[in-house]
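Presented below is the structure to which this report refers.
What follows draws every value from the coordinates through simple rules; no lab data is involved. This structure is a prediction, so every number in the text was calculated from the model and none was measured. Counting neighbours? That spans all protein chains shown, and the Cβs are built from the backbone with ideal geometry, glycine included.
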Amino acid sequence: MKTRRHASLHLACIGLLASTALLALAPAQAAEAFKLAGKPKIAFIYAATVKDGGWNESIDNGRQQVASELGYPIAVAESIPEESTALKNAIDLYVQRGFNIIVTTSFGYSDGVLEAAKKYPQVAFLAASGTTNAANLESFYPRTYQAWYLAGIAAASVSPNKTLGMLGGFPVAPVNWDINGFALGAQSVDPTIKTIALYTNSWWDPAKESQAAKSILEQNADVIANNLSSAGPFTAAEKAGKASVGFQLDMSKMAPKGHLTSVVFHWDKYLVPTIRKIVDGSWEPNQYGAFPGLAEGVVDITPLSDKVPAEARAKIEAVRAQIIAGSFSPFSGPLFKQNGEEAVAAGAALDDAAIWNMDYLVKGTVGSVK
């Protein structure tokens, strides 16, 4: 079940690389408040099981929080294939049953949910990792690189060998920005530290991920950061007596001795206030979709391990506050690519379009996006 979701994210990232900014493929045609007809009834549609140990489970945790905080009726559909007919049938059934707020949870639904939004203008649609938008449809995805920057600070603080490693699926923008954020956070502690980036060319392959982690550990890495979902890299790091950083969910149970922190989603921080706006009549979907981050609480890190020293903890808290306040960006200049080319000039910072088109790794990383 995980394979289908991860394959869809791969396609998502490739599609987004072709755009000039997040979710700019289909901007909304109107910037006016949406008016919900009838009492709110919410439906979540998943492409796989919700207990997948990663993406879907993190969103379903958000759904449960929505139910707890708002108390509206919520229905769930799992394992709905990422093709138009299956999605259309699921949405049609929900609308016929009076559901008027529908949350889709996969890139593969992007075109289908746009068709549904046009067909049902009285229904509000929210699309996780989607690429389409309309007057009654808003896609959303978080600024994960912000939290990875903080995780990089933690990792550097426990690395006597000045060598870190990070696994990613494919060399596409959302993976590249996570690796770069992690590497730059580490370099803010020690400019000489290096980050070994290794792409598995798969979104779900526990055996390959375990082997990749072992390969990095053999290159003297003290910390393994995993941008994927399997437990393999954490087990490998734990057996080697090394530290690790998780992703999507709190992975501390996977590596109780070496886990430093995990970069996690808090989808309710977007869903709850957005649904409230839909219900009270003040919701105006962003024409390019929502791109929330630390400031909105949609992405963050879990409590730090006791292994992280006090100085690093203080630095993480200070930088976190600056990012939330908008006074600092992890991608502030001067910033250089691996080949020495300047990516961002001093005094500037990457804009959203450049972030979503990030096709390079930064200076101080080892590995190739080619």
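For the stretch 263-284, the residues whose backbone nitrogen is under 20 Å from a point 7 Å from the Cα of Leu70, taken along Cα to Cβ, are 265-284. With 22 Å as the limit on Cα-Cα distance, the pairs of Lys194/Lys307; Lys214/Lys253; Lys162/Lys337; Lys307/Lys337; Lys208/Lys269; Lys242/Lys307 that go past it are Lys307/Lys337; Lys208/Lys269. Relative to the longest principal axis of the Cα atoms of the chain, the long axis of helix 55-70 makes an angle of roughly 50 degrees. Going by a ≥ b ≥ c, the root eigenvalues of the Cα gyration tensor, does the stretch 181-300 fall in the rounded group (a/c under 1.5), the prolate group (a/b larger than b/c) or the oblate group? Prolate.
Under the shape rule built on the C-alpha gyration tensor, where the axes satisfy a ≥ b ≥ c, the stretch 226-287 is prolate, since a/c reaches at least 1.5 and a/b is greater than b/c. Compared with the direct C-alpha span, the chain from Lys370 to Arg276 gains 29.5 nm at full extension, assuming 0.36 nm per residue.
Rounded to the nearest whole Hz, the Karplus-based 3J(HN,Hα) values (6.51 cos²θ - 1.76 cosθ + 1.60, θ = phi - 60°) of the stretch 126-138 follow the sequence 10, 10, 5, 6, x, 10, 10, 9, 7, 5, 10, 9, 10, with x at glycine and proline. Rg/Rh, computed from the Cα trace of the chain with Rh as the Kirkwood radius, has the value 0.97. Loop-located GluC sites (Glu not before Pro) in the stretch 153-260 (DSSP state not H, G, I, E or B) with no more than 11 neighbouring Cβ atoms inside 10 Å: Glu218. Along the charge dipole of the chain, pointing to its positive end and built from +1/-1 on Cβ of Lys, Arg, Asp and Glu, which listed residue (Pro160, Phe125, Tyr109) has its Cα farthest out? Looking along the dipole axis, the top candidate is Pro160. Database remark: amide H of Ala43 closer than 5 angstrom to the amide H of Ala75, Ile101, Ile102, Val103 (H placed geometrically; neighbours at sequence offset of 5 or more, or on other chains; Pro and chain starts carry no H). Under 20 Å from the Cα of Lys363, which aspartates and glutamates turn up, not counting those fewer than eight places away in the same chain? The qualifying aspartates and glutamates are Asp178, Asp190, Asp222, Glu341, Glu342, Asp351. Each of the peptides 342-354, 300-312 was scored by the mean count of other Cβ atoms within 10 Å over its residues; in descending order, highest first, they stand as 300-312, 342-354.
Binning all Cα-Cα separations of the stretch 256-359 at 5 Å, short to long from zero, yields these whole-percent fractions: 2, 9, 14, 17, 17, 17, 13, 7, 4, 1, 0.
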